[in-house]
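First up is the structure itself, then whatever we jot down about it.
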Amino acid sequence: MNGYPVASPEPRLDIGCYRLHFSPASAVPAGRFTGSAWRGVFGLALRKLACTVRDKPCPECLLYYTCVYSYVFETPPPPGSEKMRKYTAAPHPFVLVPAEGPADDEYILGLNLFGRANSLLAYVVQSFVQAARRGIHPINRPMELTAVQQQVSFTDSSWQPILSEDGRLAPLPVGSPSYPA
């Protein structure tokens with residue numbers, strides 16, 4: 001060895017693809033829940049669930065680098081990071097994919113989590129449960145979470161239920177897609 005760090009032969013980013021199934025109290029018109037509406041209620045619910053110090057801005061909190069809410073919504077760059085030293089936040093580790101059609105008896109929200117955010121899936125799901133029970137603007141009709149599914153793998157387009165009837169979440173291992181050479 002020449003003393004230089006050896007780079008990983010292939011970049012790796014673990015990605016979990018999930019579907020959250022909700023049952024609305026009444027029919028939901030097409031296109032009424034946008035990604036921004038879901039993001040807003042998700043953020044409020046996650047902060048309410050995770051924040052133990054409500055009287056300070058996140059960057060001033062002792063828990064800033066370990067808090068579930070700040071990791072998902074504020075996403076501070078790691079302390080001492082050279083590559084992100086000029087940024088106040090790193091890219092957020094989630095993508096929401098709202099359903100496009102009307103929801104008479106079921107509404108499905110797509111959710112992709114990246115890297116460490118997959119280990120926080122239970123917090124994320126519980127936040128959506130609480131947000132949906134309150135209702136999503138502009139409809140504000142309550143919904144109940146009925147199922148959570150996870151895509152089996154990047155090479156298999158099938159989905160597997162990961163939420164049991166007794167409310168236990170049992171996610172599959174997440175993987176990283178292969179990158180072209």
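Given charges of +1 on the Cβ of Lys and Arg and -1 on the Cβ of Asp and Glu, with all other atoms neutral, how large is the dipole of the chain about its Cα centre, in debye to the nearest 20?
640 debye
Per the 1.4 Å probe, what fraction of the accessible area of the chain, in percent, lies on carbon and sulfur atoms?
Percent of accessible area from carbon and sulfur atoms in the chain: 55.
For a protection proxy built on the mean count of beta-carbon atoms within 10 angstrom, sort 90-98, 151-159 highest first, please.
90-98, 151-159
Of all the stretches in the chain, which is the longest one without any exposed loop site, taking GluC sites (Glu not before Pro) in a DSSP loop (any state but H, G, I, E, B) with at most 12 other Cβ atoms within 10 Å?
The reported range is 1-81.
Take every Cα pair under 8 Å in the chain that's 6+ residues apart, average their separations, divide by the length, and report that relative contact order as a whole percent.
Computed value for the chain: 35 percent relative contact order.
Among the lysines, which have Cα under 24 Å from the Cα of Lys56 when same-chain residues fewer than 8 positions away are ignored?
Counting by Cα, and skipping residues close in sequence, Lys56 has these lysines nearby: Lys48, Lys86.
Once Lys and Arg get +1 and Asp and Glu get -1 on their Cβ, which of Ala117, Ile136, Tyr107 lies farthest toward the positive end of the dipole of region 39-181?
Ala117
With r defined as the distance between the Cβ atoms of Val53 and Ser81 and R0 fixed at 25 Å, what FRET efficiency is calculated, to the nearest 0.05?
So, using R0 = 25 Å, E works out to roughly 0.55.
In nm, give the distance between the simple-model label positions of Ala170 and Thr66, each being 7 Å from the Cα along the Cα-to-Cβ direction.
3.1 nm
Please work out, to two decimal places, the log10 of the ratio I(q)/I(0) at q = 0.15, 0.18 Å⁻¹ from a Debye calculation in which every Cα of region 31-119 carries one identical scatterer.
Log10 of I(q)/I(0), two decimals: -0.67, -0.88.
Would you mind getting the accessible area per residue of the chain, heavy atoms of the protein chains only, 1.4 Å probe, in Å²?
Result: 61 Å² per residue.
Note down the Stokes-Einstein diffusion coefficient of the chain in µm²/s, whole number, using a Kirkwood radius over alpha carbon pairs, 20 °C, and 1.002 mPa s.
In µm²/s, the coefficient is 119.
For the chain, which span is the longest to avoid every loop-located (per DSSP) member of trypsin sites (Lys or Arg not before Pro) having at most 16 other Cβ atoms inside 10 Å?
Segment 87-167 is the longest.
Accessible surface of Tyr64 in the full protein assembly, 1.4 angstrom probe, to the nearest 10 Å²?
20 Å²
The values are calculated or read from the model by the stated rules, or taken from the named source; none is laboratory data. Note that the structure is a prediction, hence the values are computed from the model and not measured. Heads up, the Cβs are rebuilt from the backbone with ideal geometry, glycines too, and the neighbour counts pull from every protein chain shown. SASA here: full protein model, heavy atoms, side chains in, ligands and nucleic acids out. Shrake-Rupley method; radii C 1.70, N 1.55, O 1.52, S 1.80 Å.
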